[in-house]
Amino acid sequence: MARDTIEGSMQKLEESAPGDDDIIAETKLRIRDSYADFKGNTRALKGLTEGSGTFEQPVEISDIDFPELVLRYMSGQKFRVEGQSTADSETGPLFTLDVEEGLPRVLADRYRLRKAIMELLLNAYKYGGKNVSVELKRSGGEVVLTIRDSGIGISAEDISRIYDPGFRAEAAERTASGSGFGLLYARESIGLMG
């Protein structure tokens with residue numbers, strides 16, 4: 001039923017904005033991503049809370065522009081990005097983005113890669129302090145995402161528990177709200193792609 005409603009909304013969008021192909025394509029992609037997130041998050045939470053630790057949605061590998069996926073998420077969240085700040089995004093940490101030129105596309109499951117990016121960047125936003133560095137670089141035959149921040153950190157005794165379902169470090173509890181599932185989602189998302 002939800003998918004029918006979404007498809008109907010996309011059809012109405014096309015009819016109401018003839019000639020705005022770029023805007024229509026962008027909006028349709030955001031709607032599809034939001035629907036996939038909702039569906040995937042529901043399944044993931046069910047699987048994680050029942051102890052299976054896996055997502056039910058099948059892995060669908062495709063050719064993905066990794067930097068574009070990171071940038072799309074950051075702009076959708078209105079993060080403050082150095083050199084791209086707007087009046088809408090004057091709070092929160094300042095993100096510095098460094099993307100190596102000419103990075104190859106990656107083979108990944110779009111939903112799972114996007115979910116991992118989302119969880120890692122949200123953690124940096126909530127707990128990363130005033131400055132967060134996001135880098136996309138080539139390392140051997142891989143494209144590597146590195147996120148560094150100046151935030152609260154994780155104590156040595158909590159490191160071994162960061163993937164426990166529902167675990168939140170004491171410093172995190174004092175800093176921002178959260179579910180304790182974000183890093184677990186990110187690890188499971190990447191792990192299912194191999």
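The numbers here are math on the coordinates, done by the rules we state, and not lab data. This structure is a prediction, so every number in the text was calculated from the model and none was measured. No Cβ is skipped: glycine too gets one built from the backbone with ideal geometry, and neighbour counts run over all protein chains shown.
Hey, can you grab everything whose amide H is under 5 Å from the amide H of Val132? Only 5+ residues off in sequence or another chain; H modelled, so Pro and N-termini drop out.
Sorted by chain and number, the residues that satisfy this are Leu94, Phe95, Thr96.
Using modelled amide H (1.01 Å from N, peptide plane; none on Pro or chain starts), what sits under 5 Å from the amide H of Asp109, excluding residues fewer than 5 places away?
Hits under the 5 Å cutoff: Ser62.
Which of the peptides 110-122, 144-156 is most tightly packed, and how do the rest follow, judged by the mean count of other Cβ atoms within 10 Å per residue? Could the numbers behind the result be given before it?
Details: 110-122: 20.8, 144-156: 14.2.
Per-residue mean Cβ counts within 10 Å order the peptides as 110-122, 144-156.
How large are Rg and Dmax for the range 122-165 when only the alpha carbon atoms are used, in Å?
Spelled out, the Cα radius of gyration and Dmax of the range 122-165 are 13.0, 34 Å.
When you take every Cα atom in the range 75-194, what is the radius of gyration, and what is Dmax, the widest Cα pair distance, in Å?
Reported Rg and Dmax, both Å: 15.1, 41.
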